[in-house]
Amino acid sequence: MPGIRFISLLGMILAISGVTVAIVLYAYRDDIFQSLKDPGVPFQTHQKSAPLSYELAESWMSIPDLTGDPFEHRTLGDVFVVAPGLYMGGDHWNVPINDRRQQARLDRIVRPNYVDLYAKAGRVFSPYYRQASLYTFMTAREDARRAQNLAYEDVRRAFEYFLKNSPPERSIILAGHDQGASHVQRLLIDYFQGTLAKRLAVAYVIGHPLPLEKFGDDLAATPPCESETDTGCVVAFGAFMPDESVMARRFITRLKVYDDGDYWIVDGKPLLCTNPLLWNRSSDYAPRRLHKGGVSAKGLDPDTDPAPRVRQVGANCQDGILHVDMPKSRSLHRPIRLGGKFRTLPSNLFYQDLRENAITRVRAFHNTTPPRRVEKPDALNVIEIADGPVTPIED
């Protein structure tokens, strides 16, 4: 019988070892993810996709019919949405634009959760672009900054095409989520600190830190919104659930923001936090009854509205973070996956809140500034960009 006892003991040891390994792998899953997603080659030498032509409809996740009279459109606003990133990294610094699998995921997950929600506020323009991999937001390497600059160059070119097709009588909404929010910050700095600011209904900068100090300098013409009907202003927040304290800490200390021609770690600077249940910057707690609804939508047609799950969370701003309750519906929780803390959520916790607020701000804008047709034809082609440092872009 000693042999049987030895085999049983060996089995127990192996089982315990397996559990220990599993625990270690789980504890360090994000560090493992980060090392796996390093492209392993310098940015300058790796093969990059050719830039998109935004004259082509296929370069857009969402674009309206541009053949009609925009002044006669049922909405008075035009919306430019910069989508969040889904590409993890590994083989490339920026997603190859001909990667059909990635494009299909954007259409199936990102478009119904983060783009289509603005359709009732205006004509929606949302470009595909050579998104920087999520790995570039986890490292301080110069290569990562170059990859983010390349992504912004695509966004900038798409935005200039948007301006050519958005006549002056229409208000503008800017919206960016996660990586897209970083690019929207740069658009605000580059384009909206002059006369174009007069057309801004609102800018939504969601899921990426926005230091308050920027409003005393680069964003002086576009202040923080203070109520649900303010226009020409900026809404920003990064939302975190009770079990995401590590992620929240990283958000306020380690993520990078664009400033003076480069990306810098935010390093604990005070951040703009707008509570999307109250639409102000107070630290007051907003109860669940004010939550208008989150969605977890996949593969919906653009004309199909998902059913929002209402009264899921209460929320309050504290130390630059939007603290939210754990949603009642598991479909609105963060999936437990390798690298999960860095992934774009396949859901939008404040979908309906943002949707209704975008409509409210466009209406408020045009109640204050009634639309009128601008007869001067050249006005449609005016593009304004503020003077500032030029950052070389790698193609």
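Read-outs throughout are calculated quantities, based only on the coordinates presented, and are distinct from any laboratory measurement. Predicted model only: the values in this text are computed from it and were never measured. Here the Cβ is made from the backbone with ideal geometry for all residues, glycine too, and neighbour counts use every protein chain on show.
Using a simple spin-label model with points 7 Å from Cα along the Cα→Cβ vector, what separation in nm is obtained for ARG141 and SER331?
That separation, rounded to one decimal, is 3.9 nm.
For the range 122-281, what's the relative contact order in percent, using C-alpha pairs closer than 8 Å and at least 6 residues apart?
Relative CO of the range 122-281 lands at 19 percent.
In bins 5 Å wide, starting from 0, what share of all Cα pairs of the range 162-218 does each bin hold, as a percent?
4, 18, 28, 27, 15, 7, 1
Work from the charge dipole of the range 59-186 (Cβ charges, +1 for Lys and Arg, -1 for Asp and Glu, about the Cα centre) and give the residue of THR139, LEU174, VAL79 farthest towards its positive end.
My answer, from the dipole projection, is THR139.
At a threshold of 8 angstrom on Cα-Cα distance, excluding pairs fewer than six apart, so keeping six or more, what relative contact order does the range 219-362 reach in percent? Write out the running numbers ahead of the final one.
Working: 246 pairs, mean separation 37.2, N = 144.
Dividing the mean separation by the residue count of the range 219-362 yields 26 percent.
Mind giving me the FRET efficiency for THR67 and ARG101? R0 is 30 Å, r the Cβ-Cβ distance, nearest 0.05 is fine.
The formula returns an efficiency of 0.40 here.
Give me the orientation-averaged projected area of the Cα convex hull of the range 213-344, in nm², one decimal.
That works out to 10.0 nm².
Give, rounded to the nearest 20 debye, the magnitude of the charge dipole that the range 15-371 has about its Cα centre when Lys and Arg contribute +1 at Cβ and Asp and Glu contribute -1 at Cβ. Don't skip to the answer; put the middle values down first.
Details: 44 positive and 41 negative charges, 199 e Å.
In debye, rounded to 20, the range 15-371 gives about 960.
Which distance in nm do the two modelled labels at ASP319 and THR253 give, with both placed 7 Å along the Cα-to-Cβ direction?
Simple spin-label model gives 0.9 nm for this pair.
Based on other C-beta atoms within 10 Å, arrange GLU226, GLU58 from fewest to most.
GLU58, GLU226
Give me the percent relative contact order of the range 15-371, please, defined on Cα pairs under 8 angstrom at least 6 residues apart.
Computed value for the range 15-371: 18 percent relative contact order.
Can you work out the PRE-style zone for ARG288? Point 7 Å along Cα to Cβ, and I want the residues of the range 231-271 with backbone N under 13 Å.
The answer is none, because no backbone nitrogen lies closer than 13 Å to the label point.
Determine one quarter of the surface area of the Cα convex hull of the range 15-371, which equals its mean projected area, and express it in nm² to one decimal.
Here the figure is 18.2 nm², rounded to one decimal.
Tally Lys/Arg at +1 and Asp/Glu at -1 over every other residue whose Cβ is under 14 Å from the Cβ of VAL362; what's the total?
Summing Lys and Arg as +1 and Asp and Glu as -1 gives +3.
Evaluate the distance, in nm, between pseudo-label points positioned 7 Å from the Cα of VAL310 and of LYS298 along their respective Cα→Cβ axes.
2.7 nm
Please name which of TYR129, ILE189, VAL246 has its Cα lying farthest along the dipole of the range 15-371 towards the positive end, using unit charges on Cβ (Lys, Arg +1; Asp, Glu -1) and the Cα centre as origin.
Toward the positive end, the furthest listed residue is VAL246.
By a straight-distance test (C-alpha under 18 Å), which aspartates and glutamates pair with LYS48 as possible cross-link partners, with residues fewer than eight away in the same chain excluded?
ASP38, ASP91, ASP99, GLU142, ASP143, GLU153, ASP154, GLU394, ASP395
Taking a threshold of 24 Å on the Cα-Cα distance, which of the pairs LYS214/LYS256; LYS120/LYS328; LYS292/LYS328 fall above it?
Distance filter (> 24 Å) returns LYS120/LYS328.
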